[in-house]
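First up is the structure itself, then whatever we jot down about it.
The values are calculated or read from the model by the stated rules, or taken from the named source; none is laboratory data. Note that this is a predicted model, so its numbers are computed, not measured. As a convention, Cβ positions derive from the backbone with ideal geometry for all residues, glycine included, and neighbour counts pool all protein chains shown.
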């Protein structure tokens, strides 16, 4: 069973994503900040990461940059409320494997994960 | 040249474009909220007004509303900056939280979950509105983390993050979730310089059409 790390500062959003992923047959890990997420990525080696962009402290873009510098191969799918085309392009340029706007539909979320696993 | 509106430097033509952008953003937010609550959500923006802070406080257009649960999203583009606010009367906020979480939020009993839920709704709605404006104007908007506040109108408009709101772009919004009417308001708070910059961006956009 694949393990997906959810990084989002919103408890509400983490609850929703956790339920959807577990019903879709995934194990989940959670982090409320990007800093915490980075530690979990390095220690628990998840199969994929769902990551918010706008969070207190380090944001999702900075996390993408750090992982790119570390040549990390863990696939990151961004899940954000930000609908700007420029932001989507920047995420993909920084190595994101997917970009979903909140709240993602169950089918598109599972398809995005299936595509990177 | 189009006619000036009130004491601000947005013309009728600018307001028309801005209204359309906000409507697109709100329409998109309705679809997203629909997905979140698994129920039909109708979002309606009946009017958009541009009002000075003094005028807004003297004659608040949110008649009968005293206290608010508000989510505030600071934004900054190349040319203008401010805060976008989604404000609910407390009862409407509780109704929305109950609808989303399936749990009763009488008197704000859900505490942290209530705040987290409203912040996320605000995040989605306000990003839809500001993102629609950015996408149409071709500008890039940078956001700070949204914050949640309970308080009255003065509290909602007070200086935060160094921004004193001189001008308020006010959109009265109704969220109608199934049979429940959840009232809310969207406010874009900007300084005088930012309003001038927004006006220039709108003028540039209109010239390109």
Looking at segment B:135-148, which of its residues are at the interface with chain A (Cβ under 7 Å from one of its Cβ atoms) and either over 23 Å from residue A:84 (Cβ atoms) or touching a helix residue (DSSP H, G or I) at 6+ places or on another chain (Cβ under 8 Å) (or both)? B:135, B:140, B:141, B:143
Hits in segment A:91-117 (condition: surrounded by 17 or more Cβ atoms within 10 Å (Cβ to Cβ) and either facing chain B (nearest Cβ under 10 Å) or assigned to a loop (DSSP other than H, G, I, E, B) (or both)): A:94, A:96, A:97, A:101, A:102, A:103, A:104
From (1) surrounded by 21 or more Cβ atoms within 10 Å (Cβ to Cβ); (2) assigned to a helix (DSSP H, G or I); (3) away from chain B (no Cβ under 14 Å), pick out the condition that doesn't hold for residue A:49. (2)
If you take the residues in segment B:189-207 that are under 16 Å from residue B:56 (Cα atoms) and touching a helix residue (DSSP H, G or I) at 6+ places or on another chain (Cβ under 8 Å), which one is surrounded by the most Cβ atoms within 10 Å (Cβ to Cβ)? B:189
Could you please let me know if residue B:104 is away from chain A (no Cβ under 14 Å), under 28 Å from residue B:38 (Cα atoms) and without any contact (Cβ under 8 Å) to a residue 60 or more places away in the chain? yes
Residue A:99 - would you say it is under 21 Å from residue B:35 (Cβ atoms) and over 12 Å from the mean Cα position of the chain (by Cα)? no
Filtered residue count, segment A:1-46, keeping only those that are in contact with a helix residue (DSSP H, G or I) (Cβ under 6 Å, 6 or more places away or on another chain) and either outside any strand (DSSP E or B) or under 16 Å from residue A:66 (Cα atoms) (or both): 9
Here are some conditions: (1) crowded, with 18+ Cβ neighbours inside 10 Å; (2) more than 14 Å from chain A (Cβ to nearest Cβ); (3) at pLDDT 90 or above. Residue B:151 meets all but one. Which one does it not meet? (1)
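Table: residues versus (1) within 14 Å of chain B (Cβ to nearest Cβ); (2) crowded, with 16+ Cβ neighbours inside 10 Å.
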site	(1), (2)
A:33	yes, yes
A:58	yes, yes
A:64	no, yes
A:68	no, no
A:80	yes, yes
A:84	yes, yes
Given the residues B:131, B:82, B:111, B:64, which is the only one that is surrounded by fewer than 17 Cβ atoms within 10 Å (Cβ to Cβ) and either touching a strand residue (DSSP E or B) at 6+ places or on another chain (Cβ under 6 Å) or within 12 Å of another protein chain (Cβ to nearest Cβ) (or both)? B:111
When the residues of segment B:175-186 are filtered to those that are touching a strand residue (DSSP E or B) at 6+ places or on another chain (Cβ under 6 Å) and modelled with pLDDT under 75, which remaining residue is farthest from residue B:60 (Cα to Cα)? B:177
On the basis of being within 11 Å of chain A (Cβ to nearest Cβ) and closer than 19 Å to residue B:29 by Cβ, does residue B:89 make the cut? no
